[in-house]
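The values are calculated or read from the model by the stated rules, or taken from the named source; none is laboratory data. No experiment lies behind these values; they were computed from the predicted model shown. Cβ: placed from backbone, ideal geometry, glycine included. Neighbour counts: every protein chain shown.
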Amino acid sequence: MSMSAEFHRDTGRLRIIGEGGVIAEWFPPHSWFVIASVAGYSTWGTRPNEKDLAMVIQDFVLQRDGARGLVFR
């Protein structure tokens with residue numbers, strides 16, 4: 001299953017989207033926590049780049065499939 005992540009800087013909304021539509025959605029401050037937990041201090045979760053969003057997807061898949069812990073960079 002292919003997934004993508006989108007972050008809207010104007011609202012702070014973070015979405016993970018799969019083939020069937022939106023799989024997960026967070027709003028501030030939770031969206032910032034999700035990003036910062038895998039991206040570290042680079043953006044504090046408020047300005048993620050493509051690499052940060054890819055790490056969010058990887059961590060989401062690991063947690064959804066039962067593996068716990070954060071994605072290691």
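Go through the range 22-37 residue by residue and tally those that are in contact (Cβ under 8 Å) with a residue 24 or more places away in the chain and not aliphatic (A, V, I, L, M). Total satisfying the criteria: 2.
Here the range 26-52 is the region considered, the condition is being touching a helix residue (DSSP H, G or I) at 6+ places or on another chain (Cβ under 8 Å) and surrounded by 18 or more Cβ atoms within 10 Å (Cβ to Cβ), and the residue that is modelled with the highest pLDDT is TRP26. Entry remark, the range 7-21: residues being exposed (fewer than 13 other Cβ atoms within 10 Å of the Cβ), in contact (Cβ under 8 Å) with a residue 12 or more places away in the chain and under 20 Å from ARG47 (Cβ atoms) number 2 in total.
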